[in-house]
Amino acid sequence: MKAIHIIGILILAIIIIGGAAVLMGSTDNANLVQPIKVGFIGPLTGDAAVYGLPAQNMVALAVDEINAQGGVDGRRLEIIYEDGKCSGANSATAMQKLVNVDNVEVVLGGFCSSESLGAEPVATQNKVFLFSLGSSSPALTGKSKFFARDYPSDATQGSVLAEVAYNDKAWRKVAFIQEQLDYPLGVYNAFSSRFKELGGVVVKEEFAPGITDFRSILTKLKAEDADALFIATQTPAAADRILKQLTEINWKPNILIADAISGDPATVQANAEILEGALAAEFGIDENNPKFRHMLDAYKNEYGSEPPYLSYAQIEYDGVYIIRDAIEAVGYDGEKVAEYVRNLDGWQGASGSITIGQNGDRIGGHLPKVVRDGAVVLYSG
Amino acid sequence: MVLEQLILNGIIAGGIYALIAIGFSMTYGLLRFLNLAHGSLYVVGAYLAYLFFSLGMPIVAAFILAVIGGAIVGVAMNYSVYKPLQRRKSNSLIMLLASLGIFIFVENLIIALFGAEVKTIRTGPIIQGMDFFGAIITQTQVIIILVAFVTLLIVEVFLQKTKAGKAMRATADNKSVAQVIGINVERITTYTFALASALAASAGVLIAIEQNLEPTMGLNVIIKGFTASVVGGLGNVRGAVAGAFLLGLVENIGIWFLPSGYKDAIAFVVLVAFLLFRSQGLFGRKE
């Protein structure tokens, strides 16, 4: 009995002394070995996980590349991934955790506009830089000096589509079905303000996220006898349900789709028949850009397939490198990194030349596209 | 034409809500707590059907196996969690929390097994609906309505006419008295869980075929099933059916008059109205 006690005490002593030694030994070169921790907020579950999971992969790929090249200023880059669930409330909680528990200075995200809008106030209060890799709601423009994005605002997406619809197609009345989230709302606001300015009429019906039965909403919109139907959902999954139910209720309108839908080849292909001739406006990719090619190859090597949603993939990949350059230039400080990114001018990445304005938005815009035989091609009148 | 369509849509939605609400009501009658995990069985049913279907089984076989699987999971849930808790005389709040725990556990288990993304069961090409008294209905929807009605009929006959069904109602009515007159309460509880879970699973499979499936699909349906069973009078099976169809119709016809963004809000207004003015529900008795 006594022997066991003595052995126990000895083991305890070894653990305490050993632990203390490790801790004391590590203090003098702590900065050298400690990684730079950067946060990430994106939709890792739910319908929008189709974006969040590839985004996580893409960010991890860029981080691996950077660490293989020696990290940032000799320190490893480490990402702490949090699930924003495409919701403002969840993202605000995730942001609180990243700021208070992990003490990060920079967060990549959110992906959904709702996530960025939810996380931004927490970022601003704590002087942490929130760098979105995909949020496009016009409501985020000039929101805070601690927020920026390397993706353009939907203001151009909406106005490009309104002009094609009114001028080229001579549509005067458009029915609009919109999911009650910030990204689809941004598309609606941008489209309807330009379309009404031109002299058109827009009738809108909204639906709550999570609704899967659209028949009654579509029945109501069908009765409006509009020239076209604009579908603005947060995710392709919701649009897929709407398109399926459109066929089922025998309604074949002219269709306009938000870029979240046109950017999903599987959904466009599966619904090729009803989408034939549908209009979209997208922020495109340049397959001849060597950095873009490199990104595609690296992703294929790592994950065995091409990344989905290429226009987002390039943004996510570039975002990590922009943050690396920023930290190397000004140090790991939220305020300074924010300042650096807002003055980015002609930075070359997989998504081409990136210039970010003082309002935090990437300068550059969307081009009109059209669906032909299940593929999205440039619209040429 | 529009009104006919909205009424039909309401009936389809009501059929699904009814399959959920009956089970919700039955387990409430027996255990006197809100079994949130009832929504998990709906998800389990949907994913089992998806699994069997993607293994190459015909959809009818996948449907039947998923329903049986759902019943087994439901019974297992009772044996592994609820029964031990009841033995410790846990109150209904603890049971509610436990069921919430199961609900979250199942959701995460499904994410781990199948991934978080949306899955689809496509039994064939998307085809145009048929004309039905001025409204349009698809084949799948006809099947949903038929399955819902036939199931409801069978459950009704079972509960009213068979010995086991009568025992179930007696146990739900008053457990101690049922025990005194020689009903094996434990076995009846198992039967009830099996039946309630099978119904929820069948609703899950129907929705999976008609729309598509994702791990988080259970939450919305619990809310609707709960609302329907409160409207009908908790613990009352016929009431749950009536409540479900009332809810489906009010929701779908309501958005003709209101912006469709309020579809879910309409359901809650109905719920609050019943809680305020007729808390015993449509067919319930005042306690």
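We did not get these values from a lab; they are worked out from the coordinates using the rules stated. Note that the coordinates shown come from a computational prediction; the quantities given were computed from them, not determined experimentally. Every residue, glycine as well, gets a Cβ built from its backbone with ideal geometry; the counts of neighbours run over all protein chains shown.
Among A:96, A:380, A:147, flag the residue with its Cα farthest along the positive direction of the charge dipole of the protein assembly as shown, charges on Cβ as +1 for Lys/Arg and -1 for Asp/Glu.
Value: A:96.
Could you run the Karplus curve 6.51 cos²θ - 1.76 cosθ + 1.60 with θ = phi - 60° over segment A:42-55 and give me ³J(HN,Hα) per residue in whole Hz, x for Gly and Pro?
Values per residue, Gly and Pro as x: x, x, 9, 9, x, 3, 7, 4, 4, 8, x, 5, x, 4 Hz.
If we restrict to alpha carbons, what Rg and Dmax does chain A come to, in Å?
23.9, 95
Consider a paramagnetic label point 7 Å from the Cα of residue A:163 along Cα→Cβ; state which residues of segment A:337-381 have an amide N under 14 Å from it.
What the label zone holds, given the 14 Å backbone N cut-off, is A:364-369, A:379-381.
I need the Debye-formula profile for segment A:207-271: one equal scatterer per C-alpha, no solvent, reported as log10 I(q)/I(0) at q = 0.28 1/Å, two decimals.
Summing over Cα pairs of segment A:207-271 leads to -1.46.
Between residue B:173 and residue B:113, what length comes free when the chain is fully extended (0.36 nm per residue of separation minus the Cα-Cα distance, one decimal in nm)?
Full-extension gain reported as 17.7 nm.
Give the lysines whose C-alpha is closer than 24 Å to that of residue A:336, dropping any in the same chain fewer than 8 places away, or say none.
Leaving aside lysines fewer than 8 places away in the same chain, those within reach of residue A:336 are A:37, A:97, A:127, A:143, A:145.
Taking H as built 1.01 Å from N, whose amide H comes closer than 5 Å to the amide H of residue B:283, not counting residues under 5 places away?
B:233
Order by neighbour count: A:252, A:336, fewest other Cβ atoms within 10 Å first, most last.
A:252, A:336
Place +1 on the Cβ of every Lys and Arg and -1 on the Cβ of every Asp and Glu in chain B, take the dipole about the Cα centre, and give the residue among B:203, B:15, B:99 whose Cα lies farthest towards its positive end.
B:99
What's the exposure ranking of B:123, A:355, B:192, going from fewest to most Cβ atoms within 10 Å?
Neighbour counts put them in this order, fewest first: B:123, A:355, B:192.
Karplus couplings for segment A:120-132 from phi (6.51 cos²θ - 1.76 cosθ + 1.60, θ = phi - 60°), rounded to Hz, Gly and Pro as x?
Going residue by residue, I get 4, x, 5, 4, 5, 4, 9, 6, 9, 8, 9, 10, 7 Hz, with x marking Gly and Pro.
Just subtract the alpha-carbon distance of residue A:197 and residue A:273 from 0.36 nm times their residue separation and send over the number in nm, one decimal.
24.2 nm
Suppose R0 equals 41 Å; then what is the FRET efficiency for residue A:73 and residue B:104 from their Cβ-Cβ distance, rounded to the nearest 0.05?
Plugging the Cβ-Cβ distance into 1/(1 + (r/R0)^6) gives 0.50.
Given the DSSP H assignment, sum -39500 (n - 2.57) over each helix run of at least 4 residues in chain A and divide by its residue total; what's the result at 222 nm in deg cm²/dmol, nearest 500?
Result for chain A, helices only: -15000 deg cm²/dmol.
What FRET efficiency do you get for residue A:172 and residue B:4 if R0 is 25 Å and r is their Cβ-Cβ distance, rounded to the nearest 0.05?
After rounding, the FRET efficiency stands at 0.30.
If I model a spin label as a point 7 Å beyond the Cα along the Cα-Cβ vector, how far apart are those points for residue B:123 and residue A:288 in nm?
Between residue B:123 and residue A:288, the simple spin-label model gives 5.1 nm.
Normalise the Debye intensity by I(0) for segment A:155-282, one equal point scatterer per Cα, no solvent, then take log10 at q = 0.11, 0.14, 0.17, 0.23 Å⁻¹ and round to two decimals.
The calculated log intensity ratios at q = 0.11, 0.14, 0.17, 0.23 Å⁻¹ are -0.31, -0.52, -0.79, -1.58.
Residue by residue through segment B:241-247, which ³J(HN,Hα) values in whole Hz follow from phi under the Karplus form 6.51 cos²θ - 1.76 cosθ + 1.60 (θ = phi - 60°), with glycine and proline marked x?
Along segment B:241-247, the couplings run 5, 4, x, 5, 5, 4, 4 Hz.
Can you give the FRET efficiency for residue A:97 and residue B:57, using 1/(1 + (r/R0)^6), R0 = 60 Å, r = Cβ-Cβ distance, to the nearest 0.05?
Plugging the Cβ-Cβ distance into 1/(1 + (r/R0)^6) gives 0.85.
Residues in segment A:283-325 near a label at residue A:359, defined as backbone nitrogen under 18 Å from the 7 Å Cα→Cβ point?
A:283
Quick query: amide H of residue A:282 versus all other amide H atoms, modeled in the peptide plane; which residues come in under 5 Å with a sequence gap of 5 or more or a different chain?
Placed amide hydrogens put A:367, A:369 under 5 Å from residue A:282.
Add -39500 (n - 2.57) for each DSSP H run of 4 or more in chain B, then divide by its residues: what number comes out at 222 nm, to the nearest 500 deg cm²/dmol?
The per-residue figure over chain B is -25000 deg cm²/dmol.
Report the Cα-based extents of segment A:232-381 along its three principal axes, largest first, to the nearest Å.
59, 36, 28
Taking +1 at the Cβ of each Lys and Arg and -1 at the Cβ of each Asp and Glu, which of B:144, A:86, B:82 sits farthest along the dipole of the protein assembly as shown towards its positive end, judged by Cα position relative to the Cα centre?
Result: B:82.
So if I average 1/r over every pair of distinct C-alpha atoms in segment B:2-277 and take the inverse, what Kirkwood radius in Å does that give?
19.1
Whole Å is fine, so just give me how far the alpha carbon centre of segment A:130-202 lies from that of segment B:260-280.
First find each Cα centre; the distance between them is then 34 Å.
So for the protein assembly as shown, considering every pair of alpha-carbon atoms, how many percent are separated by more than 44 Å?
31
Please arrange A:107, B:81, A:164 by counting, for each residue, the other beta carbons lying within 10 Å of its beta carbon, fewest first.
B:81, A:164, A:107
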